[in-house]
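Everything on this sheet refers to the single structure shown next.
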Amino acid sequence: MLELRHFEYFVAVAEERNFTRAAARLHVVQSGVSAVIKSLEHEMGTRLLERTSKRVELTDAGEALLPRARAAIDAVREARDAVDEVRGGLRGTVRIGTLISVPLIDVPSLLGAFHRVHPNVGLRLSVSPRGSVGLLDALADGSLDVAFVSAPGRPPAGIRVRQIESRRLDLVLPAGHRLAGAAEVRIADLAGEAFVDFPLGFGNRTVVDRAFAAAGVQRHVAIEVTDIAGGAGFVREGLGVAILPTFVVPDDRTGLVLKKVVGADLDWPLGVAVSAVRRPSAAARALLALIDEKVG
């Protein structure tokens with residue numbers, strides 16, 4: 001007989017791609033997770049997971065079950081939310097995705113304020129090595145409830161993004177660069193330069209790539225970094241130029257020159273994203289309300 005825990009354990013293993021991590025997440029022993037998954041596969045009459053020495057992969061049947069298992073968990077969560085709201089207290093877990101570096105938002109302070117008001121709500125914070133694209137995919141498949149993202153342009157289908165901040169990106173050059181004394185710099189002037197930038201999928205990389213595409217100029221990214229604050233250091237050492245928000249450039253700017261790039265759309269947006277097709281839990285709605293209050 002199927003029980004809710006069958007789906008909870010299955011979703012945990014499917015998302016973690018590992019029985020040990022799933023067990024830690026569920027606060028149970030690994031053998032208990034294995035037993036529940038075996039029972040679920042028996043009930044379903046087919047294998048749902050392929051186990052290898054390194055990781056766990058979903059079978060076709062597992063892929064088909066995953067969104068329905070999440071929907072079943074969400075339905076029970078909504079029922080619990082309704083009861084908890086009547087009883088006057090929030091419970092459950094909010095799964096939050098964030099960028100590797102979000103200097104425009106004090107995430108620890110925000111979550112601390114939430115925890116003090118709602119101590120019975122668990123908070124799970126994660127980042128994606130694929131940047132905002134990975135976070136948006138996680139919202140779409142139901143493995144995240146809320147995410148701070150940089151999503152220039154129209155959001156993907158099924159996702160709603162509310163912009164909460166935007167900063168202009170400027171050109172950062174090493175001292176002595178050929179353009180350091182230029183009266184103005186345009187995208188065309190940067191043809192042939194080696195760039196320091198984020199990997200594909202990160203919002204600021206998308207902004208810059210689109211600006212170069214709009215100008216019809218090809219760009220060579222020589223060094224990819226995942227910490228936006230570290231980009232200026234590579235530029236100072238002469239390893240490339242970068243287009244970055246000025247707040248990550250050291251105040252003394254030793255060995256660096258900042259320039260505006262004229263005639264290009266280099267606004268870097270930051271927003272909070274949720275699913276547009278699934279109603280957020282009561283706890284997630286409370287967090288979104290706090291974000292509105294604290295961040296604007």
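No lab work stands behind these numbers, since they all come straight from the coordinates. Computed from a predicted structure; not experimentally measured. Because the Cβ atoms are built from the backbone with ideal geometry, glycine has one as well, and the counts that use them run over all protein chains shown.
Which is the longest part of the chain that has none of the GluC sites (Glu not before Pro) sitting in a DSSP loop with at most 12 other Cβ atoms within 10 Å?
4-183
For the chain, modelled as a GNM with alpha-carbon contacts under 10 angstrom, which of Ala286, Ala188, Ala12 fluctuates the most?
Fluctuation is largest for Ala188.
Give me the Å³ per residue figure for the convex hull around the C-alpha atoms of the stretch 161-211. If you can, show how the numbers build up before the last one.
Working: hull volume 5.8 nm³, N = 51.
Normalising the Cα hull of the stretch 161-211 by residue number yields 113 Å³.
Given a Förster radius of 25 Å and the C-beta distance between Gln218 and Arg162 as r, what FRET efficiency does 1/(1 + (r/R0)^6) yield to the nearest 0.05?
Numbers: r = 34 Å, r/R0 = 1.36.
With a Förster radius of 25 Å, E is 0.15.
Work through the residues other than Gly255 whose Cβ is under 14 Å from its Cβ and net out their charges, Lys, Arg +1 and Asp, Glu -1. Write out the running numbers ahead of the final one.
Numbers: positive: Arg236, Arg253; negative: Glu237, Asp251, Asp252.
Net charge in that neighbourhood comes out at -1.
Dipole of the stretch 166-268 (Lys/Arg Cβ +1, Asp/Glu Cβ -1, origin at the Cα centre): which of Gly181, Val196, Leu169 lies farthest to the positive side?
The residue sitting farthest along the positive end of the dipole is Gly181.
Please report the antiparallel percentage of the DSSP beta bridges confined to the chain, to the nearest 5.
Details: 23 of 38 bridges.
Taking every DSSP beta bridge with both residues in the chain, the antiparallel ones total about 60 percent.
Which whole-number percent is the relative contact order of the stretch 1-81 (Cα, under 8 Å, 6+ apart)? Intermediate values should be presented prior to the final figure.
Details: 78 pairs, mean separation 26.6, N = 81.
Computed over the stretch 1-81, the figure is 33 percent.
From the P(r) of the stretch 1-88, could you give the percentage of C-alpha pairs in the tail past 21 Å? Don't skip to the end; give the middle numbers.
Numbers: 1174 of 3828 pairs.
The answer is 31 percent, as a whole percent.
For every helix of n ≥ 4 consecutive DSSP H residues, a contribution of -39,500 (n - 2.57) applies; sum these over the chain, divide by its total residues, and give [θ] at 222 nm rounded to the nearest 500 deg cm²/dmol. Please report the intermediate quantities before stating the final value.
On the way: 9 runs with 119 residues, N = 296.
Rounded to the nearest 500, the figure is -13000 deg cm²/dmol.
Quick one: if the Förster radius is 35 Å, what FRET efficiency do Lys38 and Arg279 give, using the C-beta to C-beta distance and rounding to 0.05? Mind showing how you got there, number by number?
Numbers: r = 33 Å, r/R0 = 0.94.
Computed FRET efficiency for Lys38 and Arg279 comes out at 0.60.
Just add up the charged neighbours of Asp189: K/R +1, D/E -1, any other residue whose Cβ is under 13 Å from the Cβ of Asp189. Working shown, then result.
Details: positive: Arg178, Arg186, Arg219, Lys259, Lys260; negative: Glu184, Glu193.
Surrounding charge for Asp189 is +3.
I'd like the trypsin sites (Lys or Arg not before Pro) in the stretch 214-292 restricted to DSSP loop residues with at most 14 other Cβ atoms within 10 Å, sorted by number. Before the final figure, lay out the partial values.
Numbers: sites: Arg219, Arg236, Arg253, Lys259, Lys260, Arg278, Arg285; in loops: Arg219, Arg253, Lys260, Arg278.
When the trypsin sites (Lys or Arg not before Pro) of the stretch 214-292 are filtered for loop state and at most 14 Cβ neighbours within 10 Å, Arg253, Lys260 remain.
Any idea what log10 I(q)/I(0) is at q = 0.09, 0.24 Å⁻¹ for the stretch 166-268, Debye with uniform C-alpha scatterers and no solvent?
Ignoring solvent entirely, the Cα scatterers give -0.18, -1.56.
If neighbour count is taken as other Cβ atoms inside 10 Å, put Ser34, Ser128, Ser53, Ser281 in order from fewest to most. Don't skip to the end; give the middle numbers.
Working: Ser34 16, Ser128 21, Ser53 4, Ser281 24.
Final ranking by Cβ density, sparse to dense: Ser53, Ser34, Ser128, Ser281.
Considering Cα pairs under 8 angstrom that are at least six residues apart, work out the relative contact order of the stretch 164-274 and quote it in whole percent. Intermediate values should be presented prior to the final figure.
Numbers: 198 pairs, mean separation 53.7, N = 111.
Rounded, it is 48 percent for the stretch 164-274.
About its Cα centre, how strong a charge dipole does the stretch 166-268 have in debye, to the nearest 20, once Lys and Arg get +1 and Asp and Glu get -1 at the Cβ?
Around 180 debye, computed over the stretch 166-268.
If Lys and Arg each add +1 and Asp and Glu each add -1, what is the summed charge of the other residues whose beta carbon sits under 11 Å from the beta carbon of Phe19? Let's see the in-between values first.
Numbers: positive: Arg17, Arg21, Arg25, Arg51, Arg55; negative: Glu16.
In short, +4.
What is the spread of the Cα atoms of the chain along each of their three principal axes, largest first, in whole Å?
Projected onto the principal axes, the Cα atoms of the chain cover 74, 45, 31 Å.
Taking only Cα atoms and a 10 Å spring cutoff, compute GNM fluctuations for the chain and point out the largest among Gly176, Gly158, Gly122.
Gly176
Running a GNM on the chain with Cα contacts under 10 Å, which residue among Asp137, Asp106, Asp252 ends up with the highest mean-square fluctuation?
So, out of Asp137, Asp106, Asp252, the one fluctuating most is Asp252.
Take every DSSP beta bridge whose two residues both sit in the stretch 166-268, then give the antiparallel share in percent to the nearest 5.
Values: 10 of 16 bridges.
If we restrict to bridges inside the stretch 166-268, about 60 percent are antiparallel.
Give the relative contact order (percent, whole number) for the chain; include only Cα pairs under 8 Å separated by 6+ residues. Write out the running numbers ahead of the final one.
Working: 483 pairs, mean separation 59.6, N = 296.
Dividing the mean separation by the residue count of the chain yields 20 percent.
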